[in-house]
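Novice: Structure in structure tokens, see below.
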Amino acid sequence: MEKVRARNNGKKSEKTIMFQKMYNHFLHVAPKYRELRTTDLGPILFITNKLQDLPSIRAADIGCGAGRYGLKLVEHLGEKCYLYCIDNNIAMLKQLKTHFTNHNIVNFIPIRSDSHKIPIQTDSLDCVMTLNAIHHFSLPHFLKEASRVLKNNGRLFIYTRLRDQNARTIWGMHFPDFHKREKRLYELDHLKSMFEKDPNLNLDSIKIFEHHRVFPLERLIEQARNHHYSTFKLYGKKQFLEAMHKFERNILRHYEDLDRITWKEENTLLVVKNIQDDYFSA
């Protein structure tokens, strides 16, 4: 029994260390996060198209970060959308508030909270979305909370990169051990199996987005050095520097025009409907 307890405490400690590492990472990158990352409009256009016929929309962006995608959602849906912007990182929420205010957006509220404890009333939301964030969540707890806060027929939108998609990025192909170290991402079958465990959550559709990237090597180096992906925090300092040198050599070996390094990325958008059993029995 003592050995089991010790192992459990060890696992808990590892999770705590990882949580603190990621929290500190986002504290550090928050002021420049929007400039470092690429914001793809495609998933937001898809989501707004699904929601635009509703007369009013109450939505939540979970793991909203600095508000890159949330701002686009509110801009496209207009005043009929009220957005709860939820993240556990205070520095990210500060950046979000400034970003929204600078764009004259007032129909939002930033909330500091974890994904597994959404401080919103049960059966009150038309939409819950999370973009490039579920690998930071406890997925079973997040899905349970999303199911709770969504109205009947409300939609959950999960935009993420799958493990195999990550391996085909410029980083997965040429940055040493990038896709091997990033074990937090999911495979599609695993995500499907998670929805099957909740009787209210029904996978409605899956859409693959392809993004054709064209970046100069200088920009890629800037992104990596500033840890635009939290994956880079999974390297030790010496490991990261060695990997950076190898990455540059790999790019030089595979590309002739260093001002136009091109590749294709893929992301997956899952659309999930919340269909509550009690509505059928009523």
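Nothing in this text is a laboratory measurement; each read-out follows from the coordinates by a stated rule. What you are looking at is a predicted structure, and each value in this text was computed from that prediction instead of being measured. Please note: Cβ atoms are built from the backbone with ideal geometry, for glycine as well, and neighbour counts cover all protein chains shown.
Novice: For Lys21, which lysines qualify as cross-link partners when the Cα separation must be under 16 Å and same-chain residues fewer than eight apart are set aside?
Specialist: Output for Lys21: Lys11, Lys12, Lys183, Lys233, Lys237.
Novice: Need the list of aspartates and glutamates near Lys117 for cross-linking: C-alpha distance under 20 angstrom, and skip anything on the same chain fewer than eight residues off.
Specialist: Within reach: Asp61, Asp87, Asp126, Glu145, Asp198.
Novice: Then there is this: Which ³J(HN,Hα) values in Hz, rounded to whole numbers, follow from the phi angles of the stretch 44-51 under the Karplus curve 6.51 cos²θ - 1.76 cosθ + 1.60, where θ = phi - 60° and Gly and Pro get x?
Specialist: In residue order, the calculated couplings are 5, 5, 5, 5, 5, 5, 5, 9 Hz.
Novice: Taking the DSSP beta bridges in the stretch 2-281 as the whole, what percent of them are antiparallel, to the nearest 5?
Specialist: Given both bridge residues lie in the stretch 2-281, the antiparallel proportion sits at roughly 50 percent.
Novice: If you don't mind, another one. Under a crude label model (7 Å from the Cα following the beta-carbon direction), how far is Thr122 from Lys273 in nanometres?
Specialist: 2.3 nm
Novice: Anyone know which of Asn24, Asn104, Asn250 comes out most mobile in the 10 Å Cα GNM of the chain?
Specialist: Asn104
Novice: By the scheme Lys and Arg +1, Asp and Glu -1, what is the net charge of all other residues having a beta-carbon under 14 Å from that of Arg68?
Specialist: Its environment carries a net charge of 0.
Novice: Additional query: Which residue, Asp53, Asp114, Asp204, has the most motion in a Gaussian network model of the chain that connects Cα atoms within less than 10 Å?
Specialist: Per the Cα network of the chain with a 10 Å cutoff, Asp53 tops the list.
Novice: Summing -39500 (n - 2.57) over the DSSP H runs of n ≥ 4 in the chain and dividing by its residue number, what mean residue ellipticity at 222 nm do you reach, to the nearest 500 deg cm²/dmol?
Specialist: Values: 13 runs with 131 residues, N = 282.
Roughly -13500 deg cm²/dmol at 222 nm, from the helical runs in the chain.
Novice: Still on this structure, please answer the following. Using DSSP to define loop residues, name the trypsin sites (Lys or Arg not before Pro) in the stretch 24-98 whose beta-carbon has at most 16 other beta-carbon atoms within 10 Å.
Specialist: Qualifying residues, ordered by number: Arg37.
Novice: Once you sort the root eigenvalues of the Cα gyration tensor of the stretch 175-282 as a ≥ b ≥ c, which label holds: rounded (a/c under 1.5), prolate (a/b larger than b/c) or oblate (the other case)?
Specialist: Details: a/c = 3.83, a/b = 2.30, b/c = 1.66.
Here the stretch 175-282 falls in the prolate category.
Novice: Still on this structure, I have one more. If I measure Cβ to Cβ between cysteines in the chain, which ones have no partner under 4.7 Å?
Specialist: If one checks each Cβ against the other cysteines of the chain, Cys81, Cys127 turn up with nothing under 4.7 Å.
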